[in-house]
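Report on the structure given below.
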Amino acid sequence: MGGPVHAHAARAARLSDRSDLTMAAFLRLALLCAFTVVLRATDDPLAVAIGHAKAHPQGDVPASFVAADYRGDLRDLPIGVFDSGVGGLTVLEALKAHDRHDNRTGKEGADGVPDFAGERFVYFGDQANMPYGNYSAVGRTDFLRELILRDVLFLLGRRHAHGQKPPVKAIVIACNTATAYGLEDIRAAVKSWGLPVIVVGVVEAGAQGLAETAGGAQGGVAVLATVGTCASNAYPRALAKVTARPVRQLGSATLAAAIEGDPSVTTPIRDIIRADVGAFLQSAAADGAAPIDTLMLGCTHYPLVADEIAAAFAYWREQTAADGRKPYATLVASERKQVNPAAWTAEALWRSLQGAKMMAVTPTSAGDLFYISIPNPAWPGVGLAADGSLSYEYKYGRQPGQVGREDTINVPMTPEKLPGATAKLVREKLPLTWRSLQMAR
């Protein structure tokens with residue numbers, strides 16, 4: 001622990017050597033040190049979120065849940081899925097399409113019926129506060145942790161801006177950045193609240209997926225993710241547990257936002273990808289990196305542009321320099337495997353629910369539910385850009401400590417609320433999710 005705590009402690013130590021310092025004065029300084037330590041501990045986003053929810057067991061305020069909802073049989077509750085925006089819909093698609101087991105026996109082997117056919121999903125995209133990947137870059141990691149815990153509390157609770165929603169029996173963190181910075185917090189909070197809720201994150205699942213599908217790939221692994229996810233080193237740590245292959249990260253500051261349809265990003269998606277990959281390969285070549293034969297799609301938005309990513313690596317592999325050489329021909333393997341953590345997140349969830357005997361038992365005709373956050377112009381001091389979104393200065397200038405703040409509110413998501421380009425990607429590449437989203441109008 002640093003900052004004021006160390007400053008007070010150092011001052012106490014220096015003054016203790018002075019002959020004119022009374023024992024009472026020294027004790028007062030020591031007490032101030034201890035008080036500061038306690039104050040700093042209670043300022044932690046995890047402690048604040050845990051305390052806030054425990055203080056409101058009736059779920060009657062923002063960022064709270066009804067404690068009684070989690071007593072008894074939870075099997076027929078829906079599964080919660082959240083992301084910083086709409087990228088997590090790729091994970092929802094993987095969940096809805098997953099068919100790796102016999103639904104009657106649970107044994108390995110597809111039976112033509114999706115493994116989660118009897119389940120209902122509640123999806124939340126915190127689009128007003130996205131992209132999560134940029135908070136660490138501006139020194140707002142603790143605020144990011146608070147946002148992630150608020151997402152979880154929303155899914156656990158019943159409240160949204162226009163009514164009520166059901167609580168959930170499991171939480172899928174369908175966001176790599178949120179998994180990197182929030183998985184441990186979420187598991188600690190759920191344990192502290194005494195909830196028998198399953199928690200699954202995409203990073204661990206992606207690493208396990210690479211381990212189980214490596215096949216003949218033995219070269220380097222390129223992790224494509226947001227700047228924030230790369231800064232966390234979550235993937236290198238997770239991959240180191242399952243493989244000794246070299247790992248190199250490619251962090252993009254704008255690609256996820258471009259896929260979301262962020263109006264501040266005007267460069268075409270293909271050009272962003274090509275430029276990012278080119279800079280990545282130039283750096284890798286200078287460092288003498290191992291040939292890359294596996295691409296880890298370390299952002300849930302990226303499966304929506306997987307073809308464009310593959311094309312960019314192929315493009316640079318064939319580029320010829322002025323001297324006639326192809327500088328990246330040996331760095332980029334002729335055949336490359338893509339690992340999509342979304343599919344492995346589905347398998348990790350199935351294994352967790354099956355192991356805990358928490359699969360749904362009662363058929364339901366109720367459809368999935370979708371929610372999205374939007375700015376709340378009525379919140380005191382909220383800063384808005386010309387297009388009605390949170391201004392950059394306001395979004396990245398906030399401090400943690402108000403887990404129940406409502407500068408954004410959560411409302412039902414409809415196809416009309418998605419930016420045009422994003423809606424097109426979802427409609428064309430996530431057909432099961434698109435159909436479910438239309439039915440949830």
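Structure values in brief
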| item | result |
| --- | --- |
| Count - residues of region 292-309 that are under 20 Å from Lys424 (Cβ atoms) and open to solvent by less than 50 Å² (accessible area, probe 1.4 Å) | 10 |
| Matching residues in region 28-67 - criterion: being at pLDDT 80 or above, out of contact with any Gly (no Cβ under 9 Å at 6 or more places or on another chain), part of a helix (DSSP H, G or I) and open to solvent by less than 60 Å² (accessible area, probe 1.4 Å) | Leu46, Ala47, Ala49, Ile50, Gly51 |
| Residue that is acidic (Asp, Glu), open to solvent by 30 Å² or more (accessible area, probe 1.4 Å) and part of a loop (DSSP other than H, G, I, E, B), where the choices are Asp115, Asp142, Asp111 | Asp111 |
| Number of the condition not met by Val172 [criteria: (1) without any contact (Cβ under 8 Å) to a residue 40 or more places away in the chain; (2) closer than 17 Å to Gly298 by Cβ] | (1) |
| Residue within region 269-283 that is open to solvent by 60 Å² or more (accessible area, probe 1.4 Å) and either closer than 20 Å to Ala342 by Cα or assigned to a loop (DSSP other than H, G, I, E, B) (or both) present | no |
| Among residues of region 284-298, those that are out of contact with any strand residue (DSSP E or B) (no Cβ under 9 Å at 6 or more places or on another chain) and either basic (Lys, Arg) or not in a loop (DSSP other than H, G, I, E, B) (or both), counted | 2 |
| Subset of region 127-154 (residues that are within 17 Å of Met413 (Cβ to Cβ), touching a Gly at 6+ places or on another chain (Cβ under 7 Å) and not hydrophobic (A, V, I, L, M, F, W, C)) | Gln127 |
| Residue list for region 248-261, filter: in contact (Cβ under 8 Å) with a residue 60 or more places away in the chain and either among the acidic types (Asp, Glu) or within 19 Å of Val426 (Cα to Cα) (or both) | Ala256, Ala257, Ile259, Glu260, Gly261 |
| Enumeration of residues in region 310-339 that are crowded, with 16+ Cβ neighbours inside 10 Å and among the acidic types (Asp, Glu) | none |
| Every pair of residues 6+ apart whose Cβ atoms lie under 8 Å, when the first sits in region 421-439 and is over 19 Å from Gly367 (Cβ atoms) and open to solvent by less than 70 Å² (accessible area, probe 1.4 Å) while the second is of a type outside the set (Asp, Glu) and not in a helix (DSSP H, G or I) | Ala421/Gly261; Thr422/Val86; Thr422/Gly261 |
| Selection within region 68-108 - touching a residue at least 12 places away in the same chain (Cβ under 8 Å), more than 21 Å from the chain's Cα centre (by Cα) and not in a helix (DSSP H, G or I) | Leu74, Arg75, Asp76, Leu77, Asp99, Arg100, His101, Asn103, Gly106 |
| Selection within region 353-388 - of a type in the set (Ser, Thr, Tyr) and in contact with a strand residue (DSSP E or B) (Cβ under 7 Å, 6 or more places away or on another chain) | Tyr371, Ser373 |
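The values are calculated or read from the model by the stated rules, or taken from the named source; none is laboratory data. Worth saying up front: this structure is predicted, and the values here are computed from it rather than measured. For neighbour counting, all protein chains shown are included, and Cβ atoms are generated from backbone atoms with ideal geometry for every residue, glycine included. To get the accessible areas, we keep the full protein, side chains included, count just its heavy atoms, and leave off ligands, DNA and RNA. Shrake-Rupley method; radii C 1.70, N 1.55, O 1.52, S 1.80 Å.
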